[in-house]
Amino acid sequence: MDLGNRFGDDGIQWGAILKDAGLAALVALVLALLLFGVRLSDGGGGGLEFRPWWVVIAVAAVFAGRAAVALWIGTRKPASGTALPWFDRAVARLSEHKRLLFAAFFLAVAILPLLPVADRRMVDLATLVMIYVMLGWGLNIVVGLAGLLDLGYVAFYAVGAYSYTLLAIHFDLSFWVCLPLAGAIAALFGVLLGFPVLRLRGDYLAIVTLGFGEMTRIIIINWSSLTGGSEGITGIAVPTLFGLRFTPSPAAGETAFHQFFGIPFGGIHKLIFLFYIILILALLTHLFSERMRKLPMGRAWEALREDEIASRALGLNPVLVKLSAFGLGAMFAGFAGSFFATRQGFINPSSFTFIESAIILAIVVLGGMGSQVGVICAAIVLILLPELARDFAEFRMLLFGGAMVAIMVWRPRGLLAHRVPSVRLGQAPPGALRGGLP
Amino acid sequence: MSALASPDAAVPAMLEVAHLSMHFEGITAIDDVSFSARRGEITGIIGPNGAGKTTVFNCITGFYRPSVGRIALDHEGGRFLLERMEGFRIARDAGVARTFQNIRLFPRMTVLENLLVAQHVKLMRASVFSIAGLLGLPRFREAEAAAIEVARGWLDRLGLVKAADREAGTLAHGQQRKIEIARAMCSEPKLLCLDEPAAGLNPRETAELNRLLLDIREDYGVGILLIEHDMAVVMGISDRVVVLNYGAKISDGTPEEVRNDPAVIRAYLGEEGDPPETNSRGPSPGRGRP
């Protein structure tokens, strides 16, 4: 119900508010009668216990809440353009110094694990966040730039993880050899999956990609001779630093990391090492996609997102443009998947469920489609906060949902929805660029 | 091949549309239409609403595949049978650019970016599938600088240099129309198809548009196909005019000839004392006019 239209210039219409709140209370009554009002009694024997006060409280709360919301919407000043214009201006100003900000961010993150306060949990959490930042940047190519709504991105993450693992275990290849191979296999997979969905757009594309994501997971579960089924695969080796292993007791004739540097063994060394790997991988993803955006191919992605018909009329091959976005996006998921496998040491299909796709997509959308910084912010909000709030485990989903609603109300285009042009003529007068999107 | 008597037969036609028909599930949108267009000329296509003008355009630019007929484009790049080509190939290989009745800029990209996307084919070649671009090789950077200069030249011509870095969707309607034409021209077409470029323009802007189209014809020697309702535009700048009515061609000739053609007058005004029935289907006197 659109409450905003109920109020003319002639002040607050109490009748409309009361009617609206009454309707909401009625709905609450219907729901509460059975949900709150009746309960199986503890005494056994299947007797029912009635709790009329619960119903009254629930209905009264809904009535009051709805009336308050209606009042608030009715009395506030009409919004001028986008919500929170000052935020838009701040974002626009910050975007002008994007490079500096990124350099500062990566530097700060790079120093983080070396600080004395860094413990295992902290480094581990930072690693987890970076994985999602990288996945978000990868998916950003597909969703944010090319505008192809992909709900099955986790499939490529899984393909990367499994191809890395299988290559590493069966062919005894090192991490640094397997990583590009896994990325290439995931990219190939992306192109293959891209073919049948070329003609689809929007909702239809989303549904089909969602299906592909689930299919990939189910194939992994059922192809147990290769993938170990739902048991997964264990014993994935941790990468080495130029041949130095992170182990307290190296094999004979081998030097471990701590021996080489003459420091006592610490479990955190391995975590810090893993963190730097994902930091470099994420940095690569960032640099690559920022660079691509300024190239003809990247502009073609954005053009396709904006208007496919006009793109075709300008001679852009939509097949090539879409498949390249799918393939490159999948490649970065493949890299991230390889890293995930080596970090965990084991993989099984339960790590690649739909909810993962949904979280990665939420990171991209909440961050602001196409915004690189937005992905970082959203990944921190969506990954770090739930991890830190583990004590309130029951309320995690509630917080998650609340944050989503809040962002969609105040920032419907995402946290940082400012688009910086890929190229400038350099003669634009100051202020010619609009903050935020129209 | 052409049944047309062209006044200046020495210049061969660049675009030959022959016996073009398009059926949509039993509805005939265009019925056996033949006409031709030459380079360096503006060919106007006019007709009442629903006459099939945009359908002809969509067939030429590959958005529809015609049911019957041949659309041949001849220029120094070769001979192209457009009715068999995919839309993006018609734009990329045959050199046909178009604009749209409802403007189709890339609204959230800047004006400059819009003009660069139009030069995609050239830039993509220079970037060697993005590899040279990713490495920042001079070969690509030079190509991009050149493309930006092309765009700047167009913006200069339109007096819109200041708007270069603005989001295209934020410009005024008339400016967007001009940018769309400039974008089409940035793809270096041989044939430029404009679908109602004067729609929604005020008289001053319409006059500017006329000037722009005449300049484009003069400076680039492209053939221009023009669908237009505004008679001031069509009659003022077209070298030839093709008139469609109910999917069929009813007249073809210079603006002067067409203006005085009784078939055209009937189609537009209705015959005196015999109003709407004249619009009924069937061979009209003007059809196949010598």
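The values are calculated or read from the model by the stated rules, or taken from the named source; none is laboratory data. Just so it is clear, the model here is predicted, and its values are computed rather than measured. No Cβ is skipped: glycine too gets one built from the backbone with ideal geometry, and neighbour counts run over all protein chains shown. The accessibility values were calculated without ligands, DNA or RNA, using every heavy atom of the protein model including side chains. Shrake-Rupley method; radii C 1.70, N 1.55, O 1.52, S 1.80 Å.
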Tell me, please, whether a residue that is on the phi > 0 side of the Ramachandran plot, among the small types (Gly, Ala, Ser), surrounded by fewer than 23 Cβ atoms within 10 Å (Cβ to Cβ) and without any contact (Cβ under 8 Å) to a residue 12 or more places away in the chain can be found in region B:185-205.
-> no
B:Asn102 within 19 Å of the chain's Cα centre (by Cα), part of a loop (DSSP other than H, G, I, E, B) and either within 29 Å of A:Glu96 (Cβ to Cβ) or more than 7 Å from chain A (Cβ to nearest Cβ) (or both) = yes
In the set B:Gly153, B:Gly133, which member is assigned to a helix (DSSP H, G or I) and either under 18 Å from the mean Cα position of the chain (by Cα) or at the interface with chain A (Cβ under 9 Å from one of its Cβ atoms) (or both)?
-> B:Gly133
Kindly indicate whether B:Arg204 is out of contact with any Asp or Glu (no Cβ under 6 Å at 6 or more places or on another chain), more than 19 Å from B:Asn102 (Cα to Cα) and not in a loop (DSSP other than H, G, I, E, B).
-> yes
Exactly one of B:Phe129, B:Phe140 is open to solvent by 30 Å² or more (accessible area, probe 1.4 Å) and over 16 Å from A:Glu302 (Cβ atoms), and that one is B:Phe129
Hey, among the residues in region B:156-175 that are touching a residue at least 60 places away in the same chain (Cβ under 8 Å), surrounded by 14 or more Cβ atoms within 10 Å (Cβ to Cβ) and within 24 Å of the chain's Cα centre (by Cα), which one's nearest to the other protein chains (Cβ to nearest Cβ)?
-> B:Gly169
Just one of (1) modelled with pLDDT under 75; (2) of a type outside the set (Val, Ile, Thr); (3) under 30 Å from A:Ile376 (Cβ atoms) trips up A:Pro78, so point out which.
-> (3)
Taking region A:314-342 and the residues there that are touching a strand residue (DSSP E or B) at 6+ places or on another chain (Cβ under 8 Å) and part of a helix (DSSP H, G or I), the one that is surrounded by the most Cβ atoms within 10 Å (Cβ to Cβ) would be A:Ala341
Of the residues in region A:382-407, how many are open to solvent by 50 Å² or more (accessible area, probe 1.4 Å) and touching a Gly at 6+ places or on another chain (Cβ under 9 Å)?
-> 0
Filter result for A:Val142 (of a type outside the set (Gly, Ala, Ser) and part of a helix (DSSP H, G or I)) = yes
Which numbered condition B:Val117 misses (of (1) farther than 27 Å from B:Asp32 by Cβ; (2) free of Cβ contacts under 8 Å to residues at least 60 places away in the same chain; (3) among the β-branched types (Val, Ile, Thr); (4) surrounded by 21 or more Cβ atoms within 10 Å (Cβ to Cβ)) = (2)
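Yes/no per residue for (1) over 15 Å from the mean Cα position of the chain (by Cα); (2) within 10 Å of chain A (Cβ to nearest Cβ):
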position: B:Met14; (1), (2): no, no
position: B:Arg38; (1), (2): no, no
position: B:Ser67; (1), (2): yes, no
position: B:Arg84; (1), (2): yes, no
position: B:Pro107; (1), (2): yes, yes
